[in-house]
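Report on the structure given below.
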Amino acid sequence: MSTTFRRLNNDEYRSREYLTWEEMKILIKAAGERGRHRVRDPALLLLSFRHGLRPGEAATMKWDAVMLERKVIYIKRLKGSQSGNHPMQQDEVDLLGQLKQISANSYFVFPNERGKSLSVDGIEKIVKRAAEKAGLQIKVHPHMFRHSCGYFLAEQNRSTRDIQSYLGHKQIQNTVRYTAENPRRFEHFDWQWEQPF
């Protein structure tokens, strides 16, 4: 008798579908401390977070999209989302400069051992191993970086329209979740009690 595995809903595995900035820093650092790809893996995680990349977008990113001297990267979105240019921070430029020297013969920014593009499964394995090394108390998967980016921008009180444009959402309903769940919206509530407990 064969049994088939049925995947549970995400909320059976974790309470939230994003990582905090502090958790992202720990995860990126751990990715650079394990395995043979101590430049590629942290660069992959950092860019996936900073630019809200889906795993497939990171896997297929090519060097012609990276303009290191201008500190700009062209984000080619999947799933009908809107593509566009994003500015890069200096730590991204530095990591990508190192990575370009290491993988000079690959068209892909994040190559596998043969210089071809990483698969989505390969990215999932990198993330899983980095999470194990980091000792995070949340089950991590690569698409969480996209959500983490949205929540991070919402916590900075960025407008819903700016977040929508940055993540390439065609429909603003896909973006509203980040601003709607932002706890900073409620910081002005007054919870002063007249008598102590």
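Just one residue in the set Leu45, Leu78 is of a type in the set (A, V, I, L, M) and assigned to a helix (DSSP H, G or I); that residue is Leu45. Number of residues in the stretch 28-40 that are surrounded by 15 or more Cβ atoms within 10 Å (Cβ to Cβ) and either within 13 Å of the chain's Cα centre (by Cα) or outside any loop (DSSP other than H, G, I, E, B) (or both) equals 4. Going by the conditions given, is Tyr107 open to solvent by 50 Å² or more (accessible area, probe 1.4 Å), closer than 16 Å to Gly52 by Cα and in contact with a strand residue (DSSP E or B) (Cβ under 6 Å, 6 or more places away or on another chain)? No; evaluated as a whole, the condition is false for this residue.
Residues considered: Lys100, Lys25. Of these, the only one that is open to solvent by 50 Å² or more (accessible area, probe 1.4 Å), of a type outside the set (A, V, I, L, M), modelled with pLDDT of 95 or more and within 18 Å of the chain's Cα centre (by Cα) is Lys25. When Tyr74 is tested against (1) surrounded by fewer than 17 Cβ atoms within 10 Å (Cβ to Cβ); (2) in contact (Cβ under 8 Å) with a residue 24 or more places away in the chain, just one condition goes unmet, and that condition is (2). Screening the stretch 61-75 for residues that are aliphatic (A, V, I, L, M) and not in a loop (DSSP other than H, G, I, E, B) and picking the one that is nearest to Arg161 (Cα to Cα) gives Ile75. Checked against (1) modelled with pLDDT of 95 or more; (2) open to solvent by 50 Å² or more (accessible area, probe 1.4 Å); (3) not polar (S, T, N, Q), Val66 passes all but a single condition, namely (2). Return the residues of the stretch 49-60 that are open to solvent by 10 Å² or more (accessible area, probe 1.4 Å) and either in a helix (DSSP H, G or I) or not hydroxyl-bearing (Ser, Thr, Tyr) (or both); say none if nothing qualifies. If the condition is that a residue be open to solvent by 10 Å² or more (accessible area, probe 1.4 Å) and either in a helix (DSSP H, G or I) or not hydroxyl-bearing (Ser, Thr, Tyr) (or both), then Arg50, Arg54, Pro55, Gly56 are the ones that fit. Could you tell me how many of the residues in the stretch 92-113 are assigned to a loop (DSSP other than H, G, I, E, B) and not hydroxyl-bearing (Ser, Thr, Tyr)? Qualifying residue count, the stretch 92-113: 6.
Considering (1) farther than 21 Å from Lys139 by Cα; (2) modelled with pLDDT under 95, the lone condition that Arg6 does not fulfil carries the number (1). Residues in the stretch 144-164: is at least one in contact with a His (Cβ under 6 Å, 6 or more places away or on another chain) and open to solvent by less than 40 Å² (accessible area, probe 1.4 Å)? No - not one qualifying residue is present in the stretch 144-164.
Residue check: Ile172 meets all listed conditions (1) among the hydrophobic types (A, V, I, L, M, F, W, C); (2) surrounded by 22 or more Cβ atoms within 10 Å (Cβ to Cβ); (3) without any contact (Cβ under 8 Å) to a residue 24 or more places away in the chain but one, namely (2).
Here's the yes/no breakdown for (1) more than 30 Å from Ser103 (Cα to Cα); (2) in a helix (DSSP H, G or I); (3) open to solvent by 20 Å² or more (accessible area, probe 1.4 Å):
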position	(1), (2), (3)
Gly115	no, no, yes
Val127	no, yes, no
His141	no, no, yes
Tyr166	no, yes, yes
Val176	yes, yes, yes
Thr179	yes, yes, yes
Phe189	yes, no, yes
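The values are calculated or read from the model by the stated rules, or taken from the named source; none is laboratory data. This structure is a prediction, so every number in the text was calculated from the model and none was measured. As a convention, Cβ positions derive from the backbone with ideal geometry for all residues, glycine included, and neighbour counts pool all protein chains shown. For the accessible areas, the whole protein counts, side chains as well, though only heavy atoms, and no ligand, DNA or RNA atoms are used. Shrake-Rupley method; radii C 1.70, N 1.55, O 1.52, S 1.80 Å.
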